[in-house]
Amino acid sequence: MAAHKNARQGAYRRPARRNAVTDCPLTAAFAAVGGKWKLIIVYWLSQEDVHFGGLRRRMTSISHKVLTEQLRELEADDVVRRVPLGSVPAPVMYQLTDYGRTLLPLVESARTWGRGHIERMLIRNKERSVRDPMR
């Protein structure tokens, strides 16, 4: 009876993700920086170069696995640079590339819009509670 052996999980690098960039600029943009976390990662890296653990402390609700995946995707798109600080298992710093810095106006616009949206929703909810206190 032949034994079937499986490699340990994580023993092999995964192939690069497919990034179906089409002729549509919005599709290309969302393929690179869409999702819940990528613009937040870009924001924190715009403040300073930071270790993986530093990003985790700033982004408390992201899991280790998801942060790793997001950083790898940003690195594959040349938005983020991973800089090892010595031999394995030395710490690694993450920093924005020059190309990644071109996203900063988009990040700031999203933050400004988000701030206005929060204020709008607070006012809207307050008005609703005044009109219908049983809600």
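General remarks:
- Each residue in segment 13-38 was checked for being assigned to a loop (DSSP other than H, G, I, E, B), hydrophobic (A, V, I, L, M, F, W, C) and modelled with pLDDT of 85 or more, and 2 pass.
- Selection status of SER61, small (Gly, Ala, Ser), without any contact (Cβ under 8 Å) to a residue 12 or more places away in the chain and assigned to a helix (DSSP H, G or I): no
- If you go through segment 36-66 and keep only what is of a type outside the set (Lys, Arg) and surrounded by fewer than 15 Cβ atoms within 10 Å (Cβ to Cβ), you end up with GLN47, GLU48, ASP49, HIS51, GLY53, THR60, SER61, SER63, HIS64, VAL66.
- Failed condition for LEU103, given (1) farther than 15 Å from TRP37 by Cβ; (2) in contact (Cβ under 8 Å) with a residue 60 or more places away in the chain: (1)
So that you can scan it fast, the table gives a plain yes or no per residue for (1) farther than 30 Å from ALA31 by Cβ; (2) touching a strand residue (DSSP E or B) at 6+ places or on another chain (Cβ under 7 Å):
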residue	(1), (2)
ARG81	no, yes
LEU85	yes, yes
PRO89	yes, no
LEU96	no, yes
LEU103	no, no
GLU108	no, no
ARG115	no, no
ARG124	yes, no
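- Flag for LEU103 being in contact with a helix residue (DSSP H, G or I) (Cβ under 6 Å, 6 or more places away or on another chain) and of a type outside the set (Asp, Glu): yes
- Which numbered condition ASP78 fails, given (1) assigned to a helix (DSSP H, G or I); (2) under 20 Å from ARG101 (Cβ atoms): (1)
- Only residues that are in a helix (DSSP H, G or I) and either within 13 Å of SER46 (Cβ to Cβ) or not hydrophobic (A, V, I, L, M, F, W, C) (or both) were counted across segment 83-119, and they come to 18.
- Just one of the numbered conditions (1) without any contact (Cβ under 8 Å) to a residue 40 or more places away in the chain; (2) under 26 Å from PHE30 (Cα atoms) is not true of VAL42: (1).
- Checked against (1) modelled with pLDDT under 95; (2) of a type outside the set (Ser, Thr, Tyr); (3) surrounded by 11 or more Cβ atoms within 10 Å (Cβ to Cβ); (4) under 20 Å from LYS36 (Cβ atoms), ARG128 passes all but a single condition, namely (4).
- Just one residue in the set GLU69, GLU73 is of a type in the set (Asp, Glu), in a helix (DSSP H, G or I) and in contact (Cβ under 8 Å) with a residue 12 or more places away in the chain; that residue is GLU73.
The values are calculated or read from the model by the stated rules, or taken from the named source; none is laboratory data. Remember, predicted model here, so these are calculated numbers, not experimental data. Because the Cβ atoms are built from the backbone with ideal geometry, glycine has one as well, and the counts that use them run over all protein chains shown.
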